[in-house]
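Worksheet: the structure to be examined is printed underneath.
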Amino acid sequence: MANVVRDPKVHPDAIIPDLNTPDPAVTFTRNDIAFVYGSKWKQRYFTKVGDDYFPLPAQWDVTHKRWSRYFVANNTDWWVSRYPADNAQRPTGPLCDGCHSVDYNVQTKQVAEWNVGCEKCHGPGRDHAAAPARTNIFNPARVDPVHANDTCIQCHSQGQPRTNPIAGRYYDWPVGFRVGLNLSDFWSLEEHEPGKTTFTHFADGSAHKNRMQGNDFVQSLMYTRGVTCASCHDVHGTEHNADLRRPVGTVCLQCHGTGSPNGPHTRTIEQHTHHQAGSPGGECVACHMPKIAQEIGDVMVRSHTFKFIPPSTTETLKVPNACTACHAGKSNAWAAEALKSWPEFSPWRVGQ
Ligand code: HEC
Ligand code: HEC
Ligand code: HEC
Ligand code: HEC
Ligand code: HEC
Ligand code: HEC
Ligand code: HEC
């Protein structure tokens with residue numbers, strides 16, 4: 001995973017936008033920036049006051065190359081009501097740094113290392129470095145799937161610590177958790193209110209915002225069958241987008257195929273997808289991982305429940321479905337009719 005947090009004095013090229021071009025949202029200068037945060041979807045800027053960092057009031061949308069205001073508004077994140085409505089009084093220690101560093105110490109406010117370092121996923125490495133052995137390092141590949149997935153869910157989820165506040169401060173990350181422990185002893189995943197669209201969830205429980213791959217994935221059949229995040233991703237880096245182990249078009253076929261007990265249960269793949277091989281509508285992710293979770297503005301990331309959201313659910317619960325998101329201009333009724341004519345699928349489940 002890339003270096004999200006960077007000091008612009010050490011890495012002057014870390015700042016993506018040109019700060020010399022005036023913009024009404026930008027009320028700060030390069031000298032105010034102690035840390036630059038992010039590079040793939042969005043970039044935020046922190047200033048240092050005493051031994052705390054605070055977010056500056058503008059963020060850069062990497063996709064559209066534009067500024068927008070950065071201020072977490074009322075009725076969004078759960079912690080907003082616990083902090084004054086002022087970025088300068090919302091330190092990043094309790095609200096961000098636990099997920100963007102290794103071993104953030106809540107007493108000293110020091111970190112062992114910024115960014116997603118090895119020890120965040122492999123535990124303390126000193127003994128292992130001195131005398132490498134399988135027994136003195138945490139390897140997510142050699143533990144049960146729940147603990148393997150917790151390695152990722154500690155950061156890739158929306159939730160709240162079980163004990164909060166801690167020494168008077170409200171934290172937004174699982175304080176005290178280390179790989180190998182039970183994440184659920186430290187962290188509760190954000191609840192969704194069935195039937196309601198909230199800041200975090202769609203009415204069917206699918207993630208509505210970013211950083212919720214964990215909230216999504218634990219709902220899936222694949223999670224219960226022992227598939228892990230690392231089944232599809234290699235976080236040490238690959239040549240594919242999102243560090244996928246294989247290209248997006250074939251990553252599912254490691255375990256799926258017409259001959260596989262895991263399905264799809266049709267004679268050919270095209271019979272399952274009803275789109276030509278090579279068509280954007282024929283990729284597994286097109287229907288099973290629609291881009292519906294908001295990263296910034298209209299930039300969306302993929303759902304990780306892997307379920308197919310039927311067009312009828314768009315009608316009743318306002319959850320976007322893959323068919324009409326891609327077939328812009330077609331109605332939900334059109335998509336439902338098409339699905340009803342595809343005999344492999346139950347009309348009770350997808351065509352109502
Ligand atoms: C974001 C979490 C994460 C980070 C950070 C991370 N790893 Fe890993 N590492 C994993 C996972 C998950 C596996 C198991 C992969 C699998 O299931 O095949 C793994 C496996 C490994 C293995 C292979 C062990 C074996 O059985 O062959 C080595 C070696 C390793 N990591 C070294 C490192 C080093 C060195 C760093 C830092 C530069 C690092 N890792 C950072 C998650 C991480
Ligand atoms: C310490 C917190 C932390 C942990 C633990 C962690 N991640 Fe991440 N992950 C991040 C951050 C922060 C980013 C954003 C990186 C960036 O901006 O380039 C990220 C990005 C990613 C991406 C997107 C990369 C891209 O280039 O699009 C994937 C995929 C991912 N993580 C998977 C995993 C998996 C799988 C695990 C567990 C093995 C894991 N992460 C564990 C914090 C974490
Ligand atoms: C519970 C863990 C967690 C907390 C708390 C957290 N983040 Fe993140 N952050 C992540 C993960 C995981 C990602 C990558 C996945 C994503 O963006 O959905 C990420 C991504 C980002 C990115 C985008 C990176 C890119 O390259 O586009 C920025 C910027 C960011 N975080 C800033 C913050 C700020 C500022 C705070 C505090 C207000 C914060 N984060 C709190 C885990 C966390
Ligand atoms: C069955 C395969 C699979 C599993 C399991 C899986 N992912 Fe993904 N993930 C993908 C695919 C496919 C993409 C989309 C890549 C693309 O669009 O190029 C993706 C994208 C992402 C991204 C980048 C954001 C986006 O949507 O482009 C992050 C972050 C991520 N996954 C994290 C995780 C985490 C954390 C877990 C476990 C909680 C996980 N994934 C489990 C297949 C998987
Ligand atoms: C590591 C193996 C593995 C990979 C990779 C994998 N799957 Fe699966 N998948 C499974 C298993 C195992 C099941 C459960 C099969 C069963 O028990 O019937 C499953 C089931 C499913 C189901 C049925 C879920 C349900 O609720 O009925 C869907 C849909 C699915 N996978 C989609 C995908 C997609 C999309 C990808 C690629 C992004 C993918 N899978 C990648 C192993 C995998
Ligand atoms: C990511 C984009 C994408 C998604 C998602 C998608 N399609 Fe398609 N669809 C296409 C493209 C491109 C074509 C034309 C080429 C082909 O047949 O593959 C097409 C063709 C079709 C056709 C035949 C031509 C027409 O317009 O009458 C039907 C019917 C159809 N899709 C229905 C659906 C339904 C129903 C869903 C949801 C289950 C769906 N599609 C999901 C991209 C998509
Ligand atoms: C055009 C949309 C579409 C595409 C593309 C698509 N699926 Fe599906 N898939 C569905 C629908 C619809 C269902 C039925 C959902 C339900 O019953 O809730 C389904 C169900 C499944 C199931 C469970 C039923 C079974 O037959 O085992 C699996 C597994 C699955 N898909 C895997 C895949 C894989 C793997 C790919 C890529 C090769 C893929 N799907 C591509 C629409 C699609």
Out of the residues in the range 217-242 that are among the polar types (S, T, N, Q) and in a loop (DSSP other than H, G, I, E, B), state the one that is farthest from ligand 7 (Cβ to nearest atom).
THR238
Tell me, please, whether a residue that is basic (Lys, Arg), away from ligand 6 (no atom under 16 Å from the Cβ), touching a helix residue (DSSP H, G or I) at 6+ places or on another chain (Cβ under 7 Å) and at positive phi can be found in the range 105-115.
yes
Report, by residue number, each residue of the range 191-247 that is of a type in the set (Gly, Ala, Ser), modelled with pLDDT of 95 or more and under 29 Å from LYS318 (Cα atoms).
ALA203, GLY205, SER206, ALA207, GLY214, SER220, ALA242
Only one of GLY168, GLY93, GLY117 is more than 16 Å from ligand 4 (Cβ to nearest atom), more than 29 Å from VAL10 (Cβ to Cβ) and either modelled with pLDDT of 95 or more or surrounded by fewer than 18 Cβ atoms within 10 Å (Cβ to Cβ) (or both). Can you tell me which?
GLY168
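Rundown of residues vs (1) loosely packed, with under 13 Cβ neighbours inside 10 Å; (2) at pLDDT below 95; (3) within 26 Å of the chain's Cα centre (by Cα); (4) not aliphatic (A, V, I, L, M), yes/no style:
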position	(1), (2), (3), (4)
VAL10	yes, yes, no, no
ALA25	no, yes, no, no
PHE35	no, yes, yes, yes
ARG44	no, no, yes, yes
ASP52	no, yes, yes, yes
ALA85	yes, no, yes, no
When restricted to HIS240, HIS233, HIS256, the only residue closer than 30 Å to HIS122 by Cα and touching a strand residue (DSSP E or B) at 6+ places or on another chain (Cβ under 7 Å) is HIS233
Within the range 311-325, is there a residue that is touching a Leu at 6+ places or on another chain (Cβ under 9 Å), under 30 Å from THR228 (Cβ atoms), in contact (Cβ under 8 Å) with a residue 60 or more places away in the chain and of a type outside the set (A, V, I, L, M, F, W, C)?
no
Residue count, the range 199-228 (criterion: of a type in the set (Phe, Trp, Tyr) and within 16 Å of ligand 1 (Cβ to nearest atom)):
2
Go through the range 54-69 and give me each residue that's over 19 Å from the mean Cα position of the chain (by Cα), assigned to a loop (DSSP other than H, G, I, E, B) and not hydrophobic (A, V, I, L, M, F, W, C).
PRO57, HIS64, LYS65
Does any residue of the range 95-115 turn out to be basic (Lys, Arg), part of a loop (DSSP other than H, G, I, E, B) and more than 26 Å from GLN294 (Cα to Cα)?
yes
If PRO140 passes every condition in (1) within 14 Å of ligand 3 (Cβ to nearest atom); (2) within 20 Å of the chain's Cα centre (by Cα); (3) at pLDDT 95 or above but one, which one does it miss?
(1)
Selection count where residues are loosely packed, with under 14 Cβ neighbours inside 10 Å and within 16 Å of ligand 5 (Cβ to nearest atom), scope the range 295-343
0
Go through the range 147-170 residue by residue and tally those that are away from ligand 1 (no atom under 13 Å from the Cβ) and closer than 24 Å to VAL301 by Cβ.
4
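The values are calculated or read from the model by the stated rules, or taken from the named source; none is laboratory data. Note that the structure is a prediction, hence the values are computed from the model and not measured. Ideal geometry is used to build each Cβ from the backbone, glycine not excepted, and the neighbour counts take in all protein chains shown.
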